[in-house]
Amino acid sequence: MTTTPQPAADVLPPPTMRDVLAAARRTDGLVVRTPAQGHPELDRAVAEAGAEGATLVVKHENLQHTGAFKVRGALNLLLGFDDAQRRRGIVAYSTGNHAQALAHAARRTGTACTIVMPEHPNPLKERAVRALGADVVLHGATFDDARDRAGEVAAATGARLVGAANEPALVAGVATATLELLEQSPDLDVLVVPVGGGSGAAAACLVAEALAPGLRVVAVQSAASPAAHDSWRAGALRTAVNTTRAEGLAVGCGFALTQGVLREHLADFLLVEDDAITTAQRLYLTAARTVAEGAGAAALAAVLTHPEVFAGSRVGVMCSGGNASEAELRRALA
């Protein structure tokens, strides 16, 4: 693993709770109020893994428009554009869910949209982005290669580059998922959130700090792509190997905005193996009749892998996305 410092770019300050409430009003009726519910078979499984007395509440963002939580942030960002900004358009980089979210929001708002994805993306996600009307550019082997190319495209065209994490409006929009969850289940002891760029975990921290100060927010990332985890542990931005097969977690660097929030508010940051994520995907399928992609199953994988952290607690589990490829599902059921 490498831990080369990643220089911080100039970023805007994180959103406030007022921004989150404004995002909730702006996106009202445009996003799904997804269910937050328990599944007895999941509780039995985590008890057998060692988390005795734990009860889970799953926030089913896999049932959101585009199949993932990120559409909340994309809509909040693009609904705030004026006509000139929409004509100028956006360029973004993504392994899939950020891409789908922005393509969906761009179509909704009449904004020109180009997405740079790594070569050989999840075919389900690539098809969805194209079907939503975005221009797709395939470049490089990883998320980080796509990020570099997106910067070049934006510089050449004058379009607005939309980052994966250093965007306060994205974080504020994403935070509406945690706002909903605390309305649905106000008695949680801990909330587990998967991390790629960190917008979901940072958003959860901001809402928990404002509305439920006793709630512990725990982040989880794949051990095969631990850049955000390493950045949080080091207290400075880091890069790291990026080899996870869970596309939504396949990020090779920390991001300044989200890391700043996580350093201030996050209770813990756990790592899980990719095979544990696959096990969690299978458990979602068989015990909760739920399709979760790798990133979407990572929070459940954390409870199964680190049961001592969650025993005896009422645990919110963010199932952040359901865009699993056929290969993922076959692997999970093999």
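Among beta bridges identified by DSSP and lying wholly in the chain, the antiparallel ones come to about 15 percent.
Ordering 291-304, 123-136 by mean Cβ neighbour count within 10 Å, with the highest value first, yields 291-304, 123-136. Distance from the Cα centroid of the range 293-319 to that of the range 17-58 is 11 Å (rounded to whole angstrom).
In this simple spin-label model, placing a label point 7 Å from the Cα along the Cα-to-Cβ direction at both ALA131 and ALA327 gives a separation of 2.0 nm.
Between ASP83 and ARG263, what length in nm is gained on full extension when 0.36 nm per residue of separation is reduced by their alpha carbon distance? The partial results should precede the final answer.
Details: separation 180, 0.36 × 180 = 64.80 nm, distance 3.67 nm.
Gain on stretching ASP83 to ARG263: 61.1 nm.
For GLY140, the residues 5 or more places off, or on other chains, whose built amide H falls under 5 Å of its own are GLU119. Simple spin-label estimate for VAL241 and ALA47 gives 3.8 nm between the two label positions (7 Å along the Cα-to-Cβ direction from each Cα). Modelled this way, with points 7 Å down the Cα-to-C-beta line, the labels at GLU152 and GLU183 are 4.5 nm from one another.
Between amide H atoms placed 1.01 Å from N, distances below 5 Å from GLY316 occur with VAL57, ASP189, VAL190, LEU191, VAL192, all of them 5 or more places distant or on a separate chain. Each semi-axis of the equivalent ellipsoid for the range 71-162 is √(5λ) with λ an eigenvalue of the Cα gyration tensor; in descending order they amount to 20, 15, 10 Å.
For the pair ARG107 and ARG289 in one chain, pulling the backbone fully straight at 0.36 nm per residue adds 62.4 nm over the alpha carbon distance. Listed values (i) 56, 47, 32; (ii) 56, 41, 37; (iii) 79, 50, 40 include one computed from this model; for Cα extents along the principal axes in Å that value carries the label (ii).
Near ALA299, within a Cβ-to-Cβ distance under 14 Å, what is the net charge of the other residues, with Lys and Arg +1 and Asp and Glu -1? Before the final figure, lay out each step's value.
On the way: positive: LYS59, ARG216; negative: GLU61, ASP268, GLU293.
Result for the neighbourhood of ALA299: -1.
A straight chain from LEU30 to ARG18 at 0.36 nm per residue would run longer than the Cα-Cα distance by 2.4 nm. Working note: Karplus 6.51/-1.76/1.60 with θ = phi - 60° gives the range 220-232 the couplings 9, 9, 6, 5, 7, 8, x, 4, 5, 4, 5, 5, 5 Hz, where Gly and Pro are set to x.
Sorting LEU283, LEU211 on the 10 Å Cβ count, fewest up front, what's the list?
Details: LEU283 23, LEU211 15.
Ascending Cβ contact count within 10 Å gives the list LEU211, LEU283.
Values quoted throughout were computed directly from the atomic coordinates according to the rules given, and no laboratory measurement underlies them. A quick note: this is a predicted structure, and the numbers were derived from the prediction, not measured. Note that each Cβ is placed from the backbone with ideal geometry, even for glycine, and that neighbours are counted across all protein chains shown.
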